[in-house]
Amino acid sequence: MEKARVCVGPDTPKSSVYVECEKEIESYKWIESEKAGRDLGETAVRRWVKEHWWGYLRSRWLEHLQGRRFWKELDRGDFGLLLNRFHDNTLLLDRILDRIKAGQENLDIIGWALTWGIDTRSLIEILEALDINSRRLAHRFGP
């Protein structure tokens with residue numbers, strides 16, 4: 001199924017995943033260094049990447065899909081995807097997005113659906129459109 005295009009207008013906030021992430025890392029590094037009573041430097045950066053990168057990226061990706069903020073490193077064709085799709089299945093979409101926000105992957109979501117007797121045809125259609133596994137970006141921070 002072809003993606004419906006959503007226009008990225010002049011009023012749409014546009015950001016860089018990496019630029020905004022650097023701000024998050026600096027804030028995290030400062031807070032963690034204050035707690036430790038010394039500058040943690042690269043140790044804090046590595047810890048943030050290990051503990052927070054995937055959740056941070058996933059959150060930005062969901063904003064992009066919902067058309068709330070355009071992230072330039074993410075697929076332009078995905079911007080606002082959820083604004084024009086799945087209007088007949090908003091409850092299921094909301095439950096899937098809740099699980100994605102919680103860090104679950106496709107297999108976790110399919111297992112949940114099977115446990116609760118949810119129609120997997122609609123579920124698979126949504127998961128295929130979202131295509132979580134191809135929406136990964138490598139971090140550019142630290143070694």
Filtering segment 71-121 down to residues that are closer than 29 Å to residue 12 by Cα and of a type in the set (Val, Ile, Thr), which residue is most open to solvent (accessible area, probe 1.4 Å)? 90
Determine which single condition residue 130 fails, assuming it passes every other condition in (1) under 13 Å from the mean Cα position of the chain (by Cα); (2) more than 17 Å from residue 83 (Cα to Cα); (3) buried (at least 16 other Cβ atoms within 10 Å of the Cβ). (2)
Hey, residue 65 of a type in the set (A, V, I, L, M) and touching a residue at least 60 places away in the same chain (Cβ under 8 Å) or not: yes
Hey, any hits in segment 20-31 for a residue that's open to solvent by less than 50 Å² (accessible area, probe 1.4 Å), over 23 Å from residue 136 (Cβ atoms) and assigned to a helix (DSSP H, G or I)? yes
Where the second residue is among the aromatic types (Phe, Trp, Tyr) and the first is closer than 21 Å to residue 70 by Cα and lies in segment 83-101, which pairs have Cβ atoms under 9 Å and are six or more apart or on separate chains? 93/86; 100/61
Here are some residues: 124, 132, 118. Which one is closer than 30 Å to residue 29 by Cβ and of a type in the set (Val, Ile, Thr)? 132
Looking at residue 136 and the list (1) at pLDDT below 90; (2) open to solvent by less than 80 Å² (accessible area, probe 1.4 Å), which single condition is not satisfied? (2)
Per the filter on segment 53-70, residues outside any helix (DSSP H, G or I) and open to solvent by less than 50 Å² (accessible area, probe 1.4 Å) are 66, 67, 70
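The values are calculated or read from the model by the stated rules, or taken from the named source; none is laboratory data. A quick note: this is a predicted structure, and the numbers were derived from the prediction, not measured. Virtual Cβ from ideal backbone geometry, glycine too; neighbours counted across all protein chains shown. Note: areas computed on protein heavy atoms with side chains; ligands, DNA, RNA excluded. Shrake-Rupley method; radii C 1.70, N 1.55, O 1.52, S 1.80 Å.
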